[in-house]
Amino acid sequence: MNKNHEIKAQQVAEIVEKLQGAQSVVICSYSGLTVEQVTALRKQCREQDVHYCVLKNRLFGRALKELNIEGIDELLEGPNAFVFGMKDAVAAPKVVNDFIEKNKLESLQIRGGLLDSKAVDVATIKHLAALPSREALLAKLLGSLNNPISSFVRVVEAVRKQKAGE
């Protein structure tokens, strides 16, 4: 195998590793973005522990074949950026969608993606982006669990005060 094939095989292996660790992947067409916009998007991705990278479509396609993932071959045309949500399925769609809405961009478009290694369309990605983050859901859950306990403590305290007053 020549040097070029070795390099490409290594790149495909790296993409396979990223895909295996990703909760979600958003595929975006980024034609027309300025350097400042890409830099700002990359910064927001880093802040949310999301990986933004530009990969060759052919290499990404090879990685998909290795993992037997189908259904997104038609998205792998033209310049694409890939946004990997490694810890949270909602993080990658939310970062990209919020960036598009905040900056009113037409040059950055969500084309589709993957959710738990299954192909999903743009509507599904946008639906994921509308969901609260994992941290927000956990906070709601803890609040829901804490509410009955707090109410019970208040009732016990009121009964104790009432008995002490007698």
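Residues to consider are Ile125, Ile100; find the one that is surrounded by 19 or more Cβ atoms within 10 Å (Cβ to Cβ) and more than 26 Å from Glu17 (Cβ to Cβ). Walk me through how you get there before you give the answer.
Details: Ile125 fails: more than 26 Å from Glu17 (Cβ to Cβ).
Being surrounded by 19 or more Cβ atoms within 10 Å (Cβ to Cβ) and more than 26 Å from Glu17 (Cβ to Cβ) holds for just one of Ile125, Ile100, which is Ile100.
If you go through segment 132-147 and keep only what is in a helix (DSSP H, G or I) and either under 14 Å from Val26 (Cβ atoms) or within 12 Å of the chain's Cα centre (by Cα) (or both), you end up with just Arg134.
Does Ser24 qualify as being under 15 Å from Ile110 (Cβ atoms), modelled with pLDDT under 90, of a type in the set (Gly, Ala, Ser) and open to solvent by less than 70 Å² (accessible area, probe 1.4 Å)? No. For segment 136-147, the condition of being polar (S, T, N, Q), under 19 Å from Phe99 (Cα atoms) and modelled with pLDDT under 75 holds for none of the residues. Give me the residue from segment 1-21 that is open to solvent by 80 Å² or more (accessible area, probe 1.4 Å) and part of a helix (DSSP H, G or I) and, out of that set, farthest from Arg111 (Cα to Cα). Result: Lys3.
Considered as a group, the residues in segment 52-85 that are touching a helix residue (DSSP H, G or I) at 6+ places or on another chain (Cβ under 7 Å) and farther than 20 Å from Asp121 by Cβ include one that is most open to solvent (accessible area, probe 1.4 Å), and that residue is Glu66.
Condition check ((1) at positive phi; (2) in contact (Cβ under 8 Å) with a residue 60 or more places away in the chain) across all residues:
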site	(1), (2)
Ala13	no, no
Val25	no, yes
Ser29	no, yes
Gly32	yes, yes
Leu55	no, no
Arg62	no, no
Ile72	no, no
Glu77	no, no
Asp88	no, yes
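Among residues of segment 129-143 that are closer than 15 Å to Gln23 by Cβ and open to solvent by 60 Å² or more (accessible area, probe 1.4 Å), those with a beta-carbon under 7 Å from a residue that is at pLDDT 75 or above and not in a helix (DSSP H, G or I) at least six positions away or on a different chain give the pairs Leu131/Val90; Arg134/Asp88; Arg134/Val90.
The values are calculated or read from the model by the stated rules, or taken from the named source; none is laboratory data. Computed from a predicted model, the values in this text were never measured in an experiment. For neighbour counting, all protein chains shown are included, and Cβ atoms are generated from backbone atoms with ideal geometry for every residue, glycine included. All accessible areas refer to the heavy atoms of the entire protein, side chains included, with ligands and DNA or RNA removed. Shrake-Rupley method; radii C 1.70, N 1.55, O 1.52, S 1.80 Å.
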